[in-house]
Amino acid sequence: MSFWMREASLQIGNRRYSMDNLYFEFEVPFEDSDTLQTAKFKAYNLSESTRKSIRRGSVIILNAGYEGDVGAIFVGQVSACNHKKQNTDIITEISATAAMDQWLSAKVSKTYARGSTAREIVSDLLNLFGLEIGEFSLAVNKTYDRGLICNGKVKDSLKQIVVNDCKSRFLIRSGGVIINDPSKGISNGVILSPQSGLLLSGSESEESVVAVGADSQKSAAAKGEDGNFITRECLLNYHIGPAELVVVQSKSLNGRFVVARGKHTGSPRGAWKTTIEMRPA
């Protein structure tokens, strides 16, 4: 991976920009929960026509990485936008939420027959709205002996069945739905070492530990744990996301960990990194 060759593109509505023709910055948080995260963007000196075209609900897509290895970090829609003048620059600040929100907020009213299984019902709900499925494996496949009535928001029905009834993870990631056992991670073969981009601050022998706040949103597995998460930084890596199973290899830390939360931050000449908080797998 050529760490020194940053590459990114930002699509706003039907217009797509690379960092070669637009200076922009981004901060994209992610978390192992069913809550949709809000990403923040700053774009400098967009044309007047482009600024006027940005509306609530406009598509916004961020791809970032390095020359020859670029992938999606965020797929969503504009939730808020403002423009301000700073010296000779016009800065457009955009907040955006995952595009799945419009589908998961849609309403459903459907009755499922006696003996229907959770897998059958969830599959039907996802197919009704054409949602992309990244992984689908329920920890418990409950059978509804008396049938089930789903009436209300799709997200509420899915959360009730997947999380409450089937004790499984329900996660929105990169424009798709992940459903699996919360005690397990999602493996893309990510190995973090100094050679592969792990960033070390201060003494390598000192652990950087972040306490979990009482108001933090956590996965079902994380909620059952007392103690702290370990935080690490690496060069920006679009492969890393919520619930990612990563292997860490360094002098002070070795083992397999599951990512609980984190964020991707980047700009053409500033930060270009992924920060993660993780727990032992």
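Descriptive notes on the structure:
- Candidates 98, 72, 39, 80: the one that is within 30 Å of residue 196 (Cβ to Cβ), at pLDDT 95 or above and within 20 Å of the chain's Cα centre (by Cα) is 39.
- Test: residue in segment 18-29 that is within 20 Å of residue 271 (Cα to Cα) and of a type in the set (Val, Ile, Thr): yes
- Per-region count, segment 178-219, residues more than 30 Å from residue 159 (Cβ to Cβ), hydrophobic (A, V, I, L, M, F, W, C) and modelled with pLDDT of 85 or more: 3
- Test: residue in segment 123-146 that is within 13 Å of residue 34 (Cα to Cα) and surrounded by fewer than 16 Cβ atoms within 10 Å (Cβ to Cβ): no
The values are calculated or read from the model by the stated rules, or taken from the named source; none is laboratory data. All values reported here derive from a predicted model rather than from experimental measurement. Every residue, glycine as well, gets a Cβ built from its backbone with ideal geometry; the counts of neighbours run over all protein chains shown.
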